Amino acid sequence: MNRLELSQSKYQGVFCRFYEMISNLLWYIVLAAVISVLFSTKFDPLILVLTTFVCTFMFAAYIWFFYSGRSKRIVFLKDGFEFYNYENKRTVNWSEYEGYKITKSIPSEIRIKVHDRTDVVFSYYTFSSAQRTKLFDILDECRE
């Protein structure tokens, strides 16, 4: 296999962060509502929603306008692949690769299973639709 690199675009990075924050916000609201019912306390979801949106917007604006570093990417090589989570690099040989799984929970994640080590995990929306198709094609091909 020749070298192939899939890189997260700036737009995809911002979209992915919004998706993760909104998903987590829903879980916070559900948890707060349950606690509110169990302990008969008042719960104001508007404050939680506004705080989350403001923080998410500020972080997304920082990434969009000021962050010039590399984002997430995966590089497929002859012997395996390298996953970069910003500046952190993780190398996996094909002999260690045990398949992948797409989680059904919210937020959805892609979990690349690695023998005897921590799995490589990233958001389903880290890469664009076309890039995900390539990713799954390569991972399926290398599993066989």
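What follows draws every value from the coordinates through simple rules; no lab data is involved. Computed from a predicted structure; not experimentally measured. Here the Cβ is made from the backbone with ideal geometry for all residues, glycine too, and neighbour counts use every protein chain on show.
Numbers for the structure displayed
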| read-out | value |
| --- | --- |
| For the chain, calculated [θ]222 nm from helices alone, where every DSSP H run of n ≥ 4 adds -39500 (n - 2.57) | -16000 deg cm²/dmol |
| Under 27 Å from the Cα of Lys134 - lysines, other chains or at least 8 residues apart | Lys10, Lys72, Lys78, Lys89, Lys101, Lys104, Lys113 |
| Ranked list, fewest to most other Cβ atoms within 10 Å of each Cβ, for Glu96, Glu109 | Glu96, Glu109 |
| Met21, Met58 arranged by Cβ crowding within 10 Å, fewest neighbours leading | Met58, Met21 |
| Compactness of the stretch 73-143 as Cα Rg over 2.2 N^0.38 Å, two decimals | 1.04 |
| Span-rule helices in the chain, defined as complete DSSP H runs reaching 24 Å or more along the axis (Cα) with Kyte mean at least 0.5 | 10-39, 45-65 |
| Over the chain: Kirkwood hydrodynamic radius from C-alpha pairwise inverse distances, Å | 17.2 |
| Per-peptide average of other Cβ atoms within 10 Å, ordering 27-35, 123-131, 3-11 highest first | 123-131, 3-11, 27-35 |
